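Heads up, the thing below is written out as structure tokens.
Each reported figure results from applying straightforward, stated rules to the coordinates on display, with no laboratory input. Not measured: the values here are computed from a predicted model. Cβ atoms come from the backbone with ideal geometry, glycine included; neighbour counts cover every protein chain shown.
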Amino acid sequence: MFAALIVIHWLWRYAWLKASGSVVAMSWTPEGFCCYLASGDVVEGTILPKSAFNPWFITLHLVTLDGRRFWWPLMADSGPKEQLRRLRVFGRWYRQQPTANQS
């Protein structure tokens, strides 16, 4: 029961955009990332390499300019379809860590 309540809370807050801390828009460049929250606040920082960019679910790990770390789960339908697609492509190609050392 407790686990179900935690999942519902996270879905309500982050995936379904119902809380004031929900991400409603975002912009990014190779140098930085900017999230616009439902409350009107702006969170700026960089995308960490441990972020995951899957077709149906994005787990976005960020570090802000003041050093705080955040993660936001984004479902495929939790934002503009084209913008999330561009984020997945950007994340997969720009922030991917190499799996083996190259000589």
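For segment 2-94, calculate the relative contact order in percent as a whole number, restricting contacts to Cα pairs under 8 Å that are 6 or more residues apart.
Taking the mean separation of contacting Cα pairs over the length of segment 2-94, I get 19 percent.
So, R0 is 25 Å and r is the distance between the beta-carbons of W71 and M1; what FRET efficiency does that work out to, to 0.05?
Plugging the Cβ-Cβ distance into 1/(1 + (r/R0)^6) gives 0.55.
What does the convex hull of the Cα atoms of segment 2-94 come to per residue, in Å³, rounded to a whole number?
For segment 2-94, the hull spanned by Cα atoms encloses 101 Å³ per residue.
For labels at T29 and V63 in the simple 7 Å Cα→Cβ model, what's the distance in nm?
2.0 nm
Assuming R0 = 22 Å, what is the FRET efficiency of W56 and W10, from their Cβ-Cβ distance, to the nearest 0.05?
0.85
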